[in-house]
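A.B. asks: Attaching a single structure in structure tokens format; questions to follow.
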Amino acid sequence: MLMKYYFILIILTLLGFDSLMAQTFPFRTYSIEQGLSESVVHDIIQDSDGYMWMATGFGLNKFDGLEFKYFYEEDGLLSSQTETVFEASDGKIWVGTLNGAQYIVDDSVYNDPNLESLNVQTVINIYEDSEGGMWFATESNGVWHYINNRIEIYTTNNGLAGNQVRDISETADGAIWFATRDGLTQLKNGNFNSFYTQDGLPENRIRDLEPDPRNEQILWIATRNGLSRFDGNTFTNYSTDDGLINARVRDLAWQENGDLWLATEGGVSRFRNGSFFNLSSEEGLNAEIVYTAIADREGNIWFGTFGGGASLFLGSYFENYDTDSGLSNNLVTSMAEDASGTLWIATYGGGLISRKNGVFEYLYSQQGLLDNRVYTLFTDSKKRTWIGMRDGLSYMENGNLINLDEETFPFRKVRGITESEKGGYWISTYDDGLVRWDENEYTQFTTEQGLPDNTVLASVESDDGSLWIATYGGVARMEDASFEVYGVNEGVPNIGVMDILKDADGTIWISTFNGVAWFDGVQFVDITFEDGLPGRVGYFIEQDSNGIFWIGTNNGIARLDIDKYYSSDPTVRDEAIQILQSEQGLIANEANLGAVYEDSNQHLWFGTVDGVSKFYPEEYRGNQIPPRAKITDFRASGRSYTNVNAVLEYDRDFIQIDFSAINFTAPNLVTYRYRMSNIDPEWQYTTERTARYPSLPSGSYKFEVQAQNSSGVWSYNTANVQFTLKPPFWFTWWFLTLIISAIAGILYLFYRNNQYMKMVDIERMRVRIASDLHDDVGASLTEVALQSDFLQASSMDSEFKQSLTQIGQQCRKIVTSLDDIVWSIDARNDTLGDLTDRMQDYILNVLEPLQFEVTYNFEELKMEERIPVPVKENLYLIFKEAINNIAKYSNGNKVDVGMQSNGTSFSFVIHDNGTSGKGAKKTGQGLRNMQMRAQRMNGSVEITDQDGFRIELKGKLTLN
Amino acid sequence: MAIVGIVEDNKKIRDLIQRYLDMQEGMQCPVATDTVEEMLEFLEEHQHPDVLLMDIQLPGMSGIKGMEVIKSKYPDIDIIMLTVYHDSHKIFDSLKAGASGYLLKHTSLPEIKESIENLLKGGAPMSPQIARKVITHFNDQAPKKNENSMLTSREQDIVNGLVDGLSYKMIADRFDISIDTVRAHIRNIYKKLHVNSKAEVIAKSLRGEI
């Protein structure tokens, strides 16, 4: 017999503190930290190739979404202070600077000799009229008209309203308009005509002019006192009273959809259908004063700011909320609207938050909530909103909060609540399996009844009345209290199933620790990371009212258009999965389990570990603009080539090609595919921006690359590079030599016989042979050495043990010599620093255990200085010989090692204080070796034995 | 009981090291794979080893990349890099990827065992070559000024000492600290190197460099 003990609380009177909500919008900042040359941006344009150009107070920037290229005075600019940038119809990029105007073609800066007289003027705007005439607006000397190699200067003397001209524009009637500091001037049919406040302008200080793209007779005017529209007869003015964010309007920009954006000295406004939508630093803009605005071709708006660099507005399709904007906790687990249409946000640790009319209200445990750790919310057909918490179950009804006590409902960790068609509820619990709850009674289903696992996250009733259950042991289907289990064998990609959904067609979908899957009637068909989801873990899956699926992963949200996904047309298929990540404005990439909701206005809410994002599907158009693929660097064995069809020597066979794409919406989500003719049979897909081909065989090659943006649209263009690798003339006998050398296994072969090989690239060959020997022989010797160690570990008689020790030592000695040789002829270790480091290492190993005190005198060396391989090799081997001699024969305890160099020649000294070991041994093989090596590097060696044993080596740091 | 894992594609070397370590008291080597991928699979389902010996040149994922992956998932595992060459460039790359030390492959079995024990006791080896690279690395980082990831002056002293060719003992004497303290400092330098390199990677990716 169950007793009903409900705690009823009147929540309307108990709700916590109100807080005015301030959501943020997705802005991306490009300022000094991101590579922009300066944080004050005067002007931005996008050129016809897609690059963004930004004129800043110090330097002109060219930006492809990933990398900045800079232009300063040292690159030929008349001044590094750039004011404006403009692309003319012939493709020239004009830049206006503190000291005149110039143009850029193919990244080179050019001066137009006819414009030299302009160099004393500050050029603040540049324009090309429909007849090809160039106009240069100056800060104090009117406007300069340049056509047919002639210049005309117009100032107030000619009828211009002011001599400081801020902008130039043209309307469809062929009139040229000038925005001056003292009024608006029109040039029509050779006559100047000016407009002032008395004519209806709100201010005489005019900043920008933009003809209306829908009707180019109409001119929109940015003034220091609001926005004005001129239709040829009258001015219509818009001020802060109409909702404009700030009266001081700096710049205007039209967006393709007909929105007009206004950059002002106090944020930005969007003007649409007569009303303003405002964004300031509170909404995420990174500065208050905005100098310039421009729409790029992908539909994003760029703002050039004073002190905040460029701010890229990715669109108003995301609105973000976190603790900074009023949430009580950032772990957002669930959302639901209650009967009155108020949206409730559940957090894990911060209780519930309701949001109505832009105000947050809070419901915490202090107000009677069972637990601040809320997992799930669900509003049923009886208008009750259920709350599943770590510590139990409650619901809200008519403003009352009703907590179910432990006797009524004894289960904790409520992860999911659904309503049954037949009445009653299905409650998913984390530890106690599935519970059927019929108001007063419960029935529990656990592994004992046939559930695959007692951790149940969600359930859904299918059209045939059976219940589908997501558990950590796979999917279960319950029909008449009997269970059928679907696991990996039935196509479930991972048995950790977190969310379950019945779509509009009645198909069952699941999201798991390894992507999502749908049930085809017999088994599950998966869609995973490998198929294009941005992350492996599928935290939730939801279908919106337009039929689009939304999948929350550990690495962003995927928008899945299932019809496109199963399209036979590959280009359509490519656009089926679109990725939304923090780069496009999502608040965080890690979604929460089940945290997705479509509200009654058909807006989507995505709960993440760092807050919640509200998504406006109607504002989101995806990114239909294809990125533009380009090759950024072509290197052969480390050297860059810029020429077309480069012909390379055989040994430049390590090819590395860097590529990228021009894309601004999500430059880091661009995918590439490339192929090298004769090498790659198919396109190779990558998200990296480099392709490497080590040791390419000789031949002619063409490398091609294409790029795909985050919405799946492929570039129209294919960037390519072509080159030819010459065949090596010595190929066959090189191979033969390698075999013979390897078989002989005698390193002396190439030390003794090097005259024979001098004609070929000796260093390279040595490295190869030595490395190969080292790898093969070295590995075998290492095996032997380890084997001997291993055997020694067992018990055996000491004589036997001793030989084993010797075998091990001998093997290691050979490996060490091999290592030294490989090192000494490896061209990467070619600085004095590398050499002296290696020497110190050697001494550390050889002399340190013998208690020698070693003093180094390398202070005067330039450690970065390069030394030729033969010098390094011979010097090092002489050094080794000397150190070995000391280790073997010296009875001293001090060693000095020193080296000096003046850049062309050097001297190297090793000196020990030993007194023994003079005589026969030192004149033996070791010393002869040293002499021989010294000769090889065209040096001399001098050996003396006063006050110990001293070796001085002199030579040149150059080869000749 | 120290648990050791091995990733090495030369079967003979791998087996020898595994068998030897398994025979040692206080050591256990339950897993030796020839690729990083297999090791990752093992780690998902079993108790983690305390120490991993890892080759650099491996089929599939390289040892350096593998180190990054393993370190990011299981930061507690100490990784010792096994290398054929005494190649300071590769060694340094692996240290940046999170290795706590390195061993040449022909190092004798008792020495391998000793190195593992030293590592577990908190020691880590650093040669002059590596020390010099450490200095250059941190100097390059200096303008970015992340206090937590820069070297302390004592750490700087120790690296400078190593570049001068001093032994751990001599460094300890010079600064009047114990050899174990020197080891602990070096261990910490490796950690910073790893943290620093991670920060570098993030910064680079923000700038779109990678």
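A.B. asks: From A:I951, A:I943, A:I886, A:I910, grab the single residue that is part of a helix (DSSP H, G or I) and either modelled with pLDDT of 80 or more or on the phi > 0 side of the Ramachandran plot (or both).
C.D. replies: A:I886
A.B. asks: Check the range A:669-676 and report whether any residue there is assigned to a loop (DSSP other than H, G, I, E, B), modelled with pLDDT under 90, within 14 Å of chain B (Cβ to nearest Cβ) and closer than 30 Å to A:G315 by Cα. Before you say what the answer is, go through the steps one by one.
C.D. replies: First pass over the range A:669-676, keeping only residues assigned to a loop (DSSP other than H, G, I, E, B): A:670.
Then keep just the ones that are modelled with pLDDT under 90; that gives A:670.
With the extra rule that they be within 14 Å of chain B (Cβ to nearest Cβ), the set shrinks to A:670.
Narrowing further to those that are closer than 30 Å to A:G315 by Cα: A:670.
Yes: the range A:669-676 contains one or more residues that are assigned to a loop (DSSP other than H, G, I, E, B), modelled with pLDDT under 90, within 14 Å of chain B (Cβ to nearest Cβ) and closer than 30 Å to A:G315 by Cα.
A.B. asks: When the range A:132-167 is examined, which residues are found to be under 13 Å from A:T180 (Cβ atoms), of a type outside the set (S, T, Y) and in contact with a Gly (Cβ under 9 Å, 6 or more places away or on another chain)?
C.D. replies: Hits for the range A:132-167 are A:A137, A:G142, A:N158, A:L160, A:A161, A:G162, A:N163, A:Q164, A:V165.
A.B. asks: Picking from A:S37, A:S89, A:S108, A:S130, which residue would you name as being of a type in the set (S, T, Y) and within 14 Å of another protein chain (Cβ to nearest Cβ)?
C.D. replies: On the way: A:S89 fails: within 14 Å of another protein chain (Cβ to nearest Cβ); A:S108 fails: within 14 Å of another protein chain (Cβ to nearest Cβ); A:S130 fails: within 14 Å of another protein chain (Cβ to nearest Cβ).
One residue alone meets the criteria, A:S37.
A.B. asks: Using beta carbons and a limit of 6 Å, which pairs, at least six apart or on different chains, have the first residue in the range B:154-183 and within 20 Å of A:Y856 (Cβ to Cβ) and within 13 Å of chain A (Cβ to nearest Cβ) and the second one of a type in the set (K, R) and assigned to a helix (DSSP H, G or I)?
C.D. replies: Partner pairs satisfying both residue conditions: B:V163/B:R132.
A.B. asks: Looking at the structure I just gave you, is A:Y597 more than 24 Å from A:L669 (Cα to Cα), among the aromatic types (F, W, Y), touching a residue at least 24 places away in the same chain (Cβ under 8 Å) and outside the structural domain of A:Y685 (by TED's automatic domain parsing)?
C.D. replies: Numbers: more than 24 Å from A:L669 (Cα to Cα): yes; among the aromatic types (F, W, Y): yes; touching a residue at least 24 places away in the same chain (Cβ under 8 Å): yes; outside the structural domain of A:Y685 (by TED's automatic domain parsing): yes.
For A:Y597, the condition - more than 24 Å from A:L669 (Cα to Cα), among the aromatic types (F, W, Y), touching a residue at least 24 places away in the same chain (Cβ under 8 Å) and outside the structural domain of A:Y685 (by TED's automatic domain parsing) - is met.
A.B. asks: When the range A:634-650 is examined, which residues are found to be at pLDDT below 85 and part of a loop (DSSP other than H, G, I, E, B)?
C.D. replies: Within the range A:634-650, A:S637, A:G638, A:T642, A:N643, A:V644, A:N645, A:E649, A:Y650 meet the criteria.
A.B. asks: State all residues of the range A:761-797 that are modelled with pLDDT of 80 or more, polar (S, T, N, Q) and surrounded by fewer than 17 Cβ atoms within 10 Å (Cβ to Cβ); if no residue qualifies, say none.
C.D. replies: Of everything in the range A:761-797, just one residue is modelled with pLDDT of 80 or more, polar (S, T, N, Q) and surrounded by fewer than 17 Cβ atoms within 10 Å (Cβ to Cβ), namely A:S780.
A.B. asks: Kindly list the number of the only condition in (1) closer than 12 Å to A:W177 by Cβ; (2) at pLDDT 95 or above that fails for A:G232.
C.D. replies: (2)
A.B. asks: Sticking with this one: Which members of the range A:466-485 meet the condition of being more than 47 Å from the chain's Cα centre (by Cα) and either part of a strand (DSSP E or B) or touching a residue at least 24 places away in the same chain (Cβ under 8 Å) (or both)?
C.D. replies: Quick first cut of the range A:466-485, residues more than 47 Å from the chain's Cα centre (by Cα) only: A:479-482.
Result: A:E479, A:A481, A:S482.
A.B. asks: Take the conditions over 23 Å from B:G63 (Cα atoms) and modelled with pLDDT of 70 or more and apply them to B:S153. Does it pass?
C.D. replies: Working: over 23 Å from B:G63 (Cα atoms): yes; modelled with pLDDT of 70 or more: yes.
Yes; evaluated as a whole, the condition is true for this residue.
Residues are listed down the side, and each one gets a yes or a no for (1) in contact with a Leu (Cβ under 8 Å, 6 or more places away or on another chain); (2) modelled with pLDDT under 90; (3) in a strand (DSSP E or B):
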site: A:W386; (1), (2), (3): yes, no, yes
site: A:T408; (1), (2), (3): yes, yes, no
site: A:F411; (1), (2), (3): yes, no, no
site: A:T418; (1), (2), (3): no, no, yes
site: A:K422; (1), (2), (3): no, yes, no
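A.B. asks: I've got another one for you. Pick from B:I70, B:I56, B:I77: which is surrounded by 19 or more Cβ atoms within 10 Å (Cβ to Cβ), over 14 Å from B:K191 (Cα atoms) and out of contact with any Gly (no Cβ under 6 Å at 6 or more places or on another chain)?
C.D. replies: B:I70
A.B. asks: I'm trying to understand the selection: among the residues of the range B:37-52, which are loosely packed, with under 14 Cβ neighbours inside 10 Å and in contact (Cβ under 8 Å) with a residue 40 or more places away in the chain? First the steps, then the outcome.
C.D. replies: Step one: list which residues in the range B:37-52 are loosely packed, with under 14 Cβ neighbours inside 10 Å, which gives B:41, B:44-47.
Within the range B:37-52, just B:Q47 meets the criteria.
A.B. asks: Which fully enclosed strands (runs of 3 or more DSSP E) of the range A:82-168 have 2 or more residues being surrounded by fewer than 17 Cβ atoms within 10 Å (Cβ to Cβ) and free of Cβ contacts under 8 Å to residues at least 40 places away in the same chain? Spell out the reasoning first.
C.D. replies: Values: elements: A:82-87, A:93-97, A:100-105, A:108-110, A:123-128, A:134-138, A:143-147, A:150-154.
Where strands (runs of 3 or more DSSP E) fall fully within the range A:82-168 and carry at least 2 residues being surrounded by fewer than 17 Cβ atoms within 10 Å (Cβ to Cβ) and free of Cβ contacts under 8 Å to residues at least 40 places away in the same chain, they are A:108-110, A:150-154.
A.B. asks: Report, by residue number, each residue of the range A:773-828 that is in a loop (DSSP other than H, G, I, E, B), facing chain B (nearest Cβ under 10 Å) and under 30 Å from A:E865 (Cα atoms).
C.D. replies: Passing the criteria: A:D826, A:R828.
A.B. asks: Counting only residues that are of a type in the set (S, T, N, Q) and touching a Phe, Trp or Tyr at 6+ places or on another chain (Cβ under 8 Å), which one in the range A:242-277 is surrounded by the fewest Cβ atoms within 10 Å (Cβ to Cβ)?
C.D. replies: At the first step, the residues of the range A:242-277 found to be of a type in the set (S, T, N, Q) are A:246, A:255, A:257, A:264, A:269, A:273, A:275.
The next check asks that each one be touching a Phe, Trp or Tyr at 6+ places or on another chain (Cβ under 8 Å); those that pass are A:255, A:269.
Numbers: A:Q255: 19, A:S269: 28.
Here the residue is A:Q255.
A.B. asks: Let me ask you something else. Which residues, counting only those in the range A:829-845, are in a helix (DSSP H, G or I) and either within 8 Å of chain B (Cβ to nearest Cβ) or at pLDDT below 80 (or both)?
C.D. replies: Narrowing the range A:829-845 to residues in a helix (DSSP H, G or I): A:832-845.
Matches in the range A:829-845: A:G833, A:D834, A:D837, A:R838, A:Q840, A:D841, A:I843, A:L844, A:N845.
To keep it simple, each residue is scored yes or no on (1) touching a helix residue (DSSP H, G or I) at 6+ places or on another chain (Cβ under 9 Å); (2) crowded, with 17+ Cβ neighbours inside 10 Å; (3) farther than 18 Å from A:N668 by Cβ.
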site: A:F549; (1), (2), (3): yes, yes, yes
site: A:G556; (1), (2), (3): yes, yes, no
site: A:L560; (1), (2), (3): no, yes, yes
site: A:K564; (1), (2), (3): yes, yes, yes
site: A:D569; (1), (2), (3): no, no, yes
site: A:R573; (1), (2), (3): yes, no, yes
site: A:L580; (1), (2), (3): no, yes, no
site: A:G585; (1), (2), (3): no, yes, no
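A.B. asks: Hey, among A:A179, A:A172, which residue is part of a loop (DSSP other than H, G, I, E, B) and among the small types (G, A, S)?
C.D. replies: Values: A:A179 fails: part of a loop (DSSP other than H, G, I, E, B).
Matching residue, one of A:A179, A:A172: A:A172.
A.B. asks: With respect to B:K105, determine if the residue is within 14 Å of chain A (Cβ to nearest Cβ) and either at pLDDT 80 or above or over 14 Å from the mean Cα position of the chain (by Cα) (or both).
C.D. replies: Working: within 14 Å of chain A (Cβ to nearest Cβ): yes; either at pLDDT 80 or above or over 14 Å from the mean Cα position of the chain (by Cα) (or both): yes.
Yes; evaluated as a whole, the condition is true for this residue.
The values are calculated or read from the model by the stated rules, or taken from the named source; none is laboratory data. What you see is a predicted model; the values in this text were computed from it and never measured. Cβ: placed from backbone, ideal geometry, glycine included. Neighbour counts: every protein chain shown.
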